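Notes to accompany the following structure.
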Amino acid sequence: MIRVISDINVMNYRRMDLNLLKVFDVLMSEGNVTRAAAKLNITQPAVSNALSRLRDALEDPVFEKTSSGIRPTPKALELWESLRGPLNAIRSVLEPPGFEPLDSVATFTLMCSDYVADKVLPVLLRLLEQQAPGITLNCMPNTIVNLPPALERGEIDFAISVYVDESQKPTPLETRVLWTVEYGCLMRRGHPLTQGTMTLERFLGAAHLDVSLAGKTQPSYDDFLSTQGLARNLKLSINHYLLAPRILSTTDFIGVLPVDIAQGVPYHDALCVLPVPLPAPQRQVKLLWHKRSAQDPAHHWLKQKIIELFGVSGTTCEME
C-alpha cells in the first residue's frame, strides 16, 4: 500500500486527471481496449490516448499486448489492488446495480470437467429456467493447467474444479469450496477383487484405469503412491470421467474414482464400490473466479446461486 501511494505522489496527484483511473479500472476488467471503449462509450483512440497518459504518469507500460488483448504489468496489478475497493464504493453510490435476473440476457462461460458438468448443470439449469431464463451458459472442458490463464484473459467467467497448480502460480483468483470428493475403488460386479479380502498387494497389482484431464501420463493418485514408495499397475489413462463406468462395467479394470459416477444410470447395477485400501488425501471441488469480476452484479448473482446450490459452509479464499 505504501509503495502504491508513493507512485501516485510521484505522478503529482493534484494535477492528475482522475478520469484516467476510470479508464484504468475498465481496462483491468475487460482486458481488451476495444471492449473497454464500448463499455465506456468512447472511441478506441480515446482509450488508447488515456492509456498513453497513464503510462507517462506511472512511468510504467501498465498493460502489455497479448494475442487476445492486454495483460496488466505487476505495477498495474498492485495499483488496482489498492484502488478497486474505493472505485467500487464510489460506483455503488453513483451507479447502484440494477440487475434483475428475470430480465437478464447475460452470457457466462464455465470451465469444468464432464464429472462436474454432470453433477452441476442439471440442478443449475433448473434454477436458471425459473429465476433467470434469459441467461446463457457456455461450457468448455477443464484441463487444469489452462485454468488460470483462461480466467486472466477473460475467456471464462468461472471454473469449477479440483484445482492443482501443476504448472504455474495462479493469477489473482478467489475460490469457494463447493464439496469434498468421496473416492472409492470402482469395479464391475463379480470382479475377482470382490472375492475374499482386497489386500493392498491385490489392489496395486490389478489393472487400473484413471482420469487425467490434462493428459498427463501419471495421474495425481500415482503421485501420492510414489510418496509412499509404492506403484500400481496403471494400464489406461483417459480424459473423460463419464467414460470410466462403461469401461469398468465390461472389463476387469478397476479405478480409484469419485463414487458419484457409479451411481448414475445405466451403470448403477453394473458396478460396485469398495473402500480404497490406501486412500489419498481428500480433494475439494472449488468454484474459482477472477477478482476483477467483483464489480459485475450479474456475475455476483450467479456466483451466489452456485454457492447456495452446491457450497459448504466456509469462507471465500484468495489465491495470490
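The values are calculated or read from the model by the stated rules, or taken from the named source; none is laboratory data. As the structure is a prediction and not an experimental result, all values here were calculated from the model. Backbone-built Cβ (ideal geometry, glycine too); neighbour counts: all protein chains shown.
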Subset of region 116-162 [closer than 19 Å to Asn239 by Cα, hydroxyl-bearing (Ser, Thr, Tyr) and surrounded by fewer than 21 Cβ atoms within 10 Å (Cβ to Cβ)]
Thr143
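Counting only residues that are of a type in the set (D, E, K, R) and not in a helix (DSSP H, G or I), how many does region 115-165 have?
At the first step, the residues of region 115-165 found to be of a type in the set (D, E, K, R) are 118-119, 126, 129, 152-153, 155, 157, 165.
Next, from what is left, pick out any that are not in a helix (DSSP H, G or I): 153, 155, 157, 165.
So the answer is 4.
Output the number of residues of region 273-310 satisfying the condition of being of a type outside the set (A, V, I, L, M) and either assigned to a helix (DSSP H, G or I) or crowded, with 19+ Cβ neighbours inside 10 Å (or both).
First, the residues of region 273-310 that are of a type outside the set (A, V, I, L, M): 275, 277, 279, 281-284, 286, 289-293, 295-297, 299-301, 303-305, 308, 310.
From what is left, the residues that are either assigned to a helix (DSSP H, G or I) or crowded, with 19+ Cβ neighbours inside 10 Å (or both) are 286, 289-293, 295, 297, 299-301, 303-305, 308, 310.
Matching residues across region 273-310 total 16.
Name the residue, out of Val47, Val4, that is modelled with pLDDT under 85 and either at positive phi or among the aliphatic types (A, V, I, L, M) (or both).
Working: Val47 fails: modelled with pLDDT under 85.
Result of the check over Val47, Val4: Val4.
Going by the conditions given, is Gly154 at positive phi and not hydroxyl-bearing (Ser, Thr, Tyr)?
Working: at positive phi: yes; not hydroxyl-bearing (Ser, Thr, Tyr): yes.
It is true that Gly154 is at positive phi and not hydroxyl-bearing (Ser, Thr, Tyr).
So is Asp103 at pLDDT 85 or above, within 30 Å of Ser212 (Cα to Cα) and of a type in the set (D, E, K, R) or not? Give the derivation first.
On the way: at pLDDT 85 or above: yes; within 30 Å of Ser212 (Cα to Cα): no; of a type in the set (D, E, K, R): yes.
In short, no.
Taking the stated definitions as given, is Arg71 modelled with pLDDT of 85 or more, assigned by TED's automatic domain parsing to the domain that holds Thr34, under 28 Å from Leu147 (Cα atoms) and surrounded by fewer than 19 Cβ atoms within 10 Å (Cβ to Cβ)? Before the answer, list the steps.
On the way: modelled with pLDDT of 85 or more: yes; assigned by TED's automatic domain parsing to the domain that holds Thr34: yes; under 28 Å from Leu147 (Cα atoms): yes; surrounded by fewer than 19 Cβ atoms within 10 Å (Cβ to Cβ): yes.
Judged against the criteria, Arg71 is a match.
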Restricting attention to region 180-215, the residues that are among the hydrophobic types (A, V, I, L, M, F, W, C) and over 18 Å from Gly264 (Cα atoms) number exactly 10
Just to verify a result, which residue in region 253-272, among those that are assigned to a strand (DSSP E or B) and more than 21 Å from the chain's Cα centre (by Cα), is surrounded by the fewest Cβ atoms within 10 Å (Cβ to Cβ)?
Cys272
Looking at Leu137, Leu94, can you tell me which residue is farther than 29 Å from Glu64 by Cα and at pLDDT below 90?
Leu94
Exactly one condition in (1) at pLDDT below 85; (2) surrounded by 13 or more Cβ atoms within 10 Å (Cβ to Cβ); (3) among the hydrophobic types (A, V, I, L, M, F, W, C) is false for Leu18; which is it?
(2)
All but one of (1) within 23 Å of Thr180 (Cβ to Cβ); (2) over 24 Å from the mean Cα position of the chain (by Cα); (3) surrounded by 15 or more Cβ atoms within 10 Å (Cβ to Cβ) hold for Ser212; state the number of the condition that does not hold.
(2)
